[in-house]
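Engineer: First the structure, which I've put down as structure tokens, then a few questions once you've had a look.
Coordinate-derived values only; no laboratory data. Remember, it's a predicted structure, so these values are computed and weren't measured experimentally. Here the Cβ positions follow ideal geometry from the backbone for every residue, glycine too, while neighbour counts run over all protein chains shown.
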Amino acid sequence: MTIAEAYLGGSQVFRRLKNGPHGQLIERYAARLVEDDLARQGTWRCLNVIGGLLSWMASHRIKVTDLNETRVEGYLRDRGNRQTIQAGDRAALKRWLSVLRAAGTIAPAVRSQATPHDQIFAEFGDYLQRERGLTPKSIVRHLAVHPSVPA
């Protein structure tokens, strides 16, 4: 039994996702959640968000290997039409993309020339770290899913 399984053993969402077609990736993601020391409720919320994304992808015939920030934003727009996007949802999705990239499942984030939008994100992230004393784990919760914002 892995640490993630011991921690999330009572979660029906975790068991359902782990037994699905992307079970190994879900296990890696759950391990990352435990590694990042998320509270149990936050971990369950993250798994629900990823479960919703996987369902949305299946309904739109999108393969996991085709996932990127643009697709995630499409999912969030669609989801936002039906329910409120919670504060940690973007961070959960960003973490998912990071896990997929670490596993070699999806392509690295495309780095393009910095746009004014990129510059604002970078400066705000620096401000949050320097002036507000936030950790990178906390900073990601304040920033949108964006390729230039480190996971």
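Engineer: How compact and how long is the range 41-104, expressed as Rg and Dmax of its alpha-carbon atoms in Å?
Structural biologist: Calculated on Cα positions, Rg and Dmax stand at 11.2, 32 Å.
Engineer: Compute a Gaussian network model of the chain, connecting alpha carbons closer than 10 Å, and tell me which residue from SER59, SER138, SER11 fluctuates the most.
Structural biologist: Answer for the Gaussian network model of the chain: SER59.
Engineer: In a Gaussian network model over the chain where Cα atoms closer than 10 Å are linked, find which of VAL99, VAL110, VAL34 has the largest mean-square fluctuation.
Structural biologist: Maximum among the listed residues: VAL110.
Engineer: Still on this model: For an R0 of 35 angstrom, estimate the FRET efficiency from the Cβ-Cβ distance between GLU35 and SER59 and round to the nearest 0.05.
Structural biologist: The calculated FRET efficiency here is 0.70.
Engineer: Only four residue types carry charge here, +1 at the Cβ of Lys and Arg and -1 at the Cβ of Asp and Glu. Report the dipole size of the chain about the Cα centre in Debye, rounded to the nearest 20.
Structural biologist: Using only the charged Cβ atoms, the result is roughly 440 debye.
Engineer: Also, quick follow-up: Per 5 Å bin, what is the whole-percent P(r) computed from every C-alpha pair distance within the chain?
Structural biologist: The calculated distribution, bin by bin, is 2, 9, 19, 21, 21, 16, 8, 4, 1, 0.
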